[in-house]
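The values are calculated or read from the model by the stated rules, or taken from the named source; none is laboratory data. Because the structure is a prediction, the values reported are computed rather than measured. A quick note on method: Cβ atoms are made from the backbone with ideal geometry, for glycine too, and the neighbour counts reach across all protein chains shown.
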Amino acid sequence: MILVTGATGTVGREVVRGLPEGLRVRAMTRNPAKAAGMFPGTQPVAGDFTDAQSLARALEGVHAAFLLTTRADVEDDARFLSAAHTAGVRRVVKLSAAAVLDTRADDLITRWQRANEEQLRASGMRWTLLRPRAFMSNSLSWAASVRSERTVRALYGMSPNACVDPRDIAEAAVRALTEDGHAGHAYTLTGPQALTAVDQTHELARLLGTPLRFEELTPDETRAALNDRYPPQVVEALLASAERQRAGAKAYVEDTVRKLTGRPARTFGQWAQDHIGAFTPAPDEAGTRRGTA
């Protein structure tokens, strides 16, 4: 049995979909009804990292697990690894972050991920670490303003990031969960080129067939927007990450996706083409902009 945590999230759902047919797969989520609808034939299970009993139920009979946690400075990894060890899990593939390798990165999120990695290494189970750059899917945060205003707004629009398609991360996870030879390895995952937000805006405009405007946000504007969504320490960590990106810390490209999967990493253009509907105005939105609604 393979357990996938965060099974309905951006990466987790692609891991579930990518696992070969014939394997027994359990999808852990807070909403098992949603998982049941998304993944016919997969066993959905309710799981909460703060609930030891729910973790024990989710891990019963599991030999390999994909671990994805999101709450910085919380002991979700430690709770899961303890329960997994007790349940007899033999292999854990952990989603971490490329920033852990950057000696200049000392923000809350990076320190948390480093601690999580260390706990996994010390767990006694076979481990594999996946360290992606930013997800290409982060650009979906622009979708509403692209649809309604033909505008992308972002901080440091000319700073490059070798962002990666979440599907490539998921395929790497599937390989590590189902193949031998990945235990004790840490893989940095990037896209095939470093792109800026301005570059991504141009690519979206090309695919949409319409001009888009890029609007540079100030750090204060970005902080105010982030404060509506995250705790203060997380906001400051995200801003520190943006400063490191502006300094070029996230521009390096790795060929790991090709080495793991046998094919090149997907480009941003490929990701955007497959998700262009999110950026395309519905007829009523287009009509409203023209003043004909």
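Evaluating Thr50 against the criteria (1) closer than 30 Å to Asp106 by Cα; (2) surrounded by 20 or more Cβ atoms within 10 Å (Cβ to Cβ) leaves one unmet condition, (2). In region 48-73, the residues that are more than 13 Å from Val92 (Cα to Cα) reach residues that are of a type in the set (Val, Ile, Thr) with C-beta atoms within less than 7 angstrom, at least six apart or across chains, in these pairs: Phe49/Thr69; Arg57/Val45; Ala58/Val45; Ala72/Ile109; Ala72/Val234.
Cβ-Cβ distances below 7 Å connect no pair with a first residue in region 127-151 that is among the acidic types (Asp, Glu), a second residue that is surrounded by 23 or more Cβ atoms within 10 Å (Cβ to Cβ) and modelled with pLDDT of 95 or more, and a separation of six or more residues or different chains.
The helices (runs of 4 or more DSSP H) located wholly in region 106-182 that include 2 or more residues which are at pLDDT 95 or above and crowded, with 20+ Cβ neighbours inside 10 Å occupy 108-121, 166-178. Scanning region 19-58 for residues that are more than 25 Å from Asn116 (Cα to Cα) and part of a helix (DSSP H, G or I) yields Pro32, Ala33, Lys34, Ala35, Ala36, Gly37, Met38. Just checking, does region 218-226 include any residue being of a type outside the set (D, E, K, R), under 21 Å from the mean Cα position of the chain (by Cα), more than 23 Å from Val146 (Cα to Cα) and assigned to a helix (DSSP H, G or I)? So far as region 218-226 goes, no, none of its residues is of a type outside the set (D, E, K, R), under 21 Å from the mean Cα position of the chain (by Cα), more than 23 Å from Val146 (Cα to Cα) and assigned to a helix (DSSP H, G or I).
Which residues, counting only those in region 75-108, are among the β-branched types (Val, Ile, Thr) and over 18 Å from the mean Cα position of the chain (by Cα)?
Taking region 75-108 first, the residues among the β-branched types (Val, Ile, Thr) are 86, 89, 92-93, 100, 103.
Answer for region 75-108, where residues must be among the β-branched types (Val, Ile, Thr) and over 18 Å from the mean Cα position of the chain (by Cα): Thr86, Val89, Thr103.
Could you tell me whether any residue of region 74-87 is over 17 Å from Met1 (Cα atoms), in contact with a helix residue (DSSP H, G or I) (Cβ under 8 Å, 6 or more places away or on another chain) and either of a type in the set (Ser, Thr, Tyr) or crowded, with 23+ Cβ neighbours inside 10 Å (or both)? Within region 74-87 (the criterion being over 17 Å from Met1 (Cα atoms), in contact with a helix residue (DSSP H, G or I) (Cβ under 8 Å, 6 or more places away or on another chain) and either of a type in the set (Ser, Thr, Tyr) or crowded, with 23+ Cβ neighbours inside 10 Å (or both)), the answer is yes, since at least one residue qualifies.
A search for C-beta distances below 6 Å between a residue of region 253-270 that is of a type in the set (Gly, Ala, Ser) and any residue that is outside any loop (DSSP other than H, G, I, E, B), counting only pairs 6+ apart in sequence or on different chains, returns Ala265/Asp168; Ala265/Val257; Gly269/Glu203.
Do we find that Gln233 is surrounded by fewer than 16 Cβ atoms within 10 Å (Cβ to Cβ), in contact (Cβ under 8 Å) with a residue 60 or more places away in the chain and within 29 Å of Leu130 (Cα to Cα) in this structure? Give the steps one after another, and end with the answer.
On the way: surrounded by fewer than 16 Cβ atoms within 10 Å (Cβ to Cβ): yes; in contact (Cβ under 8 Å) with a residue 60 or more places away in the chain: yes; within 29 Å of Leu130 (Cα to Cα): yes.
Judged against the criteria, Gln233 is a match.
Val198 satisfies every condition listed in (1) among the aliphatic types (A, V, I, L, M); (2) surrounded by 21 or more Cβ atoms within 10 Å (Cβ to Cβ); (3) touching a strand residue (DSSP E or B) at 6+ places or on another chain (Cβ under 8 Å); (4) in a helix (DSSP H, G or I) except (2).
Of all the numbered requirements in (1) in a helix (DSSP H, G or I); (2) in contact with a Pro (Cβ under 8 Å, 6 or more places away or on another chain), Lys250 misses one, and that requirement is (1).
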